[in-house]
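*Asks:* One structure, pasted below without further comment.
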Amino acid sequence: MSYENILFEIKNHTALITINRPDKLNALNGQTINELDEVFESIKNNSEIFIVVITGSGEKAFVAGADIAELNKLDIMSAKEFSEKGNRVFRAIETLDKPVIAAVNGFALGGGCELALACHIRFASENAKFGQPEVNLGIIPGYGGTQRLARHINSARALEIILTGDMISAEEALRIGLVNKVFSQADLVTKTLELAEKISSKGQQAIRFALKAVKATDNISLTEGLAYEASLFALVCGTEDFKEGTTAFLDKRKPAFNNR
Ligand code: COA
């Protein structure tokens with residue numbers, strides 16, 4: 001499959017997606033959203049891929065938002081379709097049964113911040129800047145920002161970011177728990193791929209069950225969540241990986257997981 005605005009490669013069970021419109025700071029136009037939709041559909045069905053990393057092309061931006069030239073032409077009906085489409089694509093990322101890591105290498109604004117928020121883990125470079133500047137354009141976030149930012153960080157802090165449109169630094173993003181770790185720009189992708197490799201080396205059935213269980217906390221109560229965890233725990237104990245992992249420990253050797 002070939003894409004116009006994204007680069008896609010698979011290496012050692014990791015899919016690396018690079019949003020590639022550096023002259024427009026990787027702004028998400030309709031074509032790029034369609035391509036993200038397609039690439040995630042293909043990732044879902046590709047058993048060779050265990051984990052996904054998303055980054056941006058160039059040294060300035062992860063994604064500087066939705067494409068404002070396209071936004072400018074929206075009317076009420078097309079705006080609803082625009083928002084619903086982006087929300088559907090980002091929700092597919094968030095609910096993918098494989099971990100998705102954002103390597104935020106510069107501006108993550110508007111749709112870029114929202115894309116990072118839909119990922120399961122966020123690493124950033126020291127020059128990264130996060131923000132929801134939509135109010136500066138007379139609009140509100142439309143790809144999940146109002147919902148996910150307030151769920152990922154303190155809701156008063158989320159409101160401050162959304163109501164002011166101000167950008168925050170990578171250091172501040174780390175302090176408020178918006179990103180997991182910060183690296184120099186030169187190290188960011190390498191460190192992210194190292195994390196991907198570490199996760200890929202585990203039994204992938206356990207990884208998928210663990211992801212499912214943790215993501216369920218978005219929708220259910222603690223009581224329901226504990227019951228769900230017990231069911232998934234029982235299921236994972238029916239896998240070959242469970243036998244191999246526990247036996248390898250007792251035999252004092254490294255497990256050889258059957259990752260298919
Ligand atoms: N949509 C469309 N084009 C965008 C864009 C976006 N979201 N963000 C940047 N670009 C384009 C610029 O128009 C410019 O294109 P040009 O060279 O054809 O004029 C190019 O990317 C480089 O951007 P520029 O503004 O010159 O870079 P800068 O370093 O001076 O500023 C930003 C960087 C990120 C602060 C600035 O580009 C910006 O504010 N972008 C919009 C961010 C935003 O509001 N996003 C939310 C959209 S809902």
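The values are calculated or read from the model by the stated rules, or taken from the named source; none is laboratory data. Because the structure is a prediction, the values reported are computed rather than measured. Cβ placement follows ideal geometry from the backbone for every residue including glycine, while neighbour counts extend to all protein chains displayed. SASA here: full protein model, heavy atoms, side chains in, ligands and nucleic acids out. Shrake-Rupley method; radii C 1.70, N 1.55, O 1.52, S 1.80 Å.
*Asks:* Compute the helix-to-body angle for 222-236: its Cα long axis versus the longest principal axis of the chain, expressed 0 to 90° and rounded to tens.
*Replies:* 50 degrees
*Asks:* Please compute one quarter of the surface area of the Cα convex hull for region 124-196 and express it in square nanometres.
*Replies:* Mean projected area of the Cα convex hull: 5.2 nm².
*Asks:* Would you calculate, for the chain, the mean residue ellipticity at 222 nm contributed by helices, counting each DSSP H stretch of 4 or more residues as -39,500 (n - 2.57) and dividing by all residues, to the nearest 500?
*Replies:* -14500 deg cm²/dmol
*Asks:* For region 203-209, what does the Karplus curve 6.51 cos²θ - 1.76 cosθ + 1.60, with θ = phi - 60°, yield as ³J(HN,Hα) per residue in whole Hz, taken in order and with x for Gly and Pro?
*Replies:* Rounded to whole hertz, the list is x, 6, 5, 5, 4, 5, 5.
*Asks:* Taking the square root of 5 times each eigenvalue of the Cα gyration tensor, what semi-axes in Å does the equivalent ellipsoid of region 107-260 have, largest first?
*Replies:* Largest first, region 107-260 gives 36, 21, 11 Å.
*Asks:* Assuming a ≥ b ≥ c are the square roots of the Cα gyration tensor eigenvalues, decide whether region 176-260 counts as rounded (a/c under 1.5), prolate (otherwise, with a/b larger than b/c) or oblate.
*Replies:* Here region 176-260 falls in the oblate category.
*Asks:* As an exercise, use a Förster radius of 41 Å and the Cβ-Cβ distance of ASN87 and LYS254 to find the FRET efficiency, rounded to the nearest 0.05.
*Replies:* Plugging the Cβ-Cβ distance into 1/(1 + (r/R0)^6) gives 0.45.
*Asks:* Assuming 0.36 nm per residue, please report the length gained on full extension of the stretch SER231 to GLU160 beyond their Cα-Cα distance.
*Replies:* Between SER231 and GLU160, full extension yields 21.6 nm more.
*Asks:* Something else: What shape does the chain have by the C-alpha gyration tensor, where a ≥ b ≥ c are the square roots of the eigenvalues, rounded means a/c under 1.5, and otherwise prolate means a/b greater than b/c and oblate the rest?
*Replies:* Verdict is prolate for the chain.
*Asks:* Next question. Which of the pairs LYS80/LYS198; LYS73/LYS212; LYS98/LYS252; LYS181/LYS212 have their Cα atoms more than 32 Å apart in this structure?
*Replies:* Exceeds cut-off: LYS80/LYS198; LYS73/LYS212.
*Asks:* Any idea of the accessible area per residue across the chain, 1.4 Å probe, to the nearest Å²?
*Replies:* 52 Å²
*Asks:* Given +1 on the Cβ of Lys and Arg, -1 on the Cβ of Asp and Glu, and no further charges, what dipole in debye does region 140-239 carry about its Cα centre, rounded to the nearest 20?
*Replies:* 260 debye
*Asks:* For region 27-32, in order, what is each residue's ³J(HN,Hα) by Karplus, 6.51 cos²θ - 1.76 cosθ + 1.60 with θ = phi - 60°, in whole Hz (x at glycine and Pro)?
*Replies:* Those phi angles translate into 4, 7, 8, x, 4, 5 Hz.
*Asks:* Next up: Could you look at region 200-254 and say what percent of its accessible area is carbon and sulfur, using a 1.4 Å probe and all protein chains?
*Replies:* Roughly 65 percent, rounded to a whole number.
*Asks:* Considering amide H positions built from the backbone, and no H for Pro or chain starts, which residues 5 or more places from ALA66, or on another chain, come under 5 Å of its amide H?
*Replies:* LEU28, GLY111, GLY112
*Asks:* Here's another thing I want to ask about it. At GLN31 and LEU74, where each label point lies 7 Å from the Cα along Cα→Cβ, what is the point-to-point distance in nanometres?
*Replies:* For the pair GLN31/LEU74, the computed spacing is 2.0 nm.
*Asks:* Which value results for Rg/Rh of region 1-135 when Rg is the Cα radius of gyration and Rh the Kirkwood radius based on the inverse mean 1/r?
*Replies:* That ratio equals 0.95.
*Asks:* Where does the charge balance sit around ASP187 when Lys and Arg score +1, Asp and Glu -1, over other residues with C-beta under 10 Å from its C-beta?
*Replies:* With Lys, Arg at +1 and Asp, Glu at -1, the neighbours total -1.
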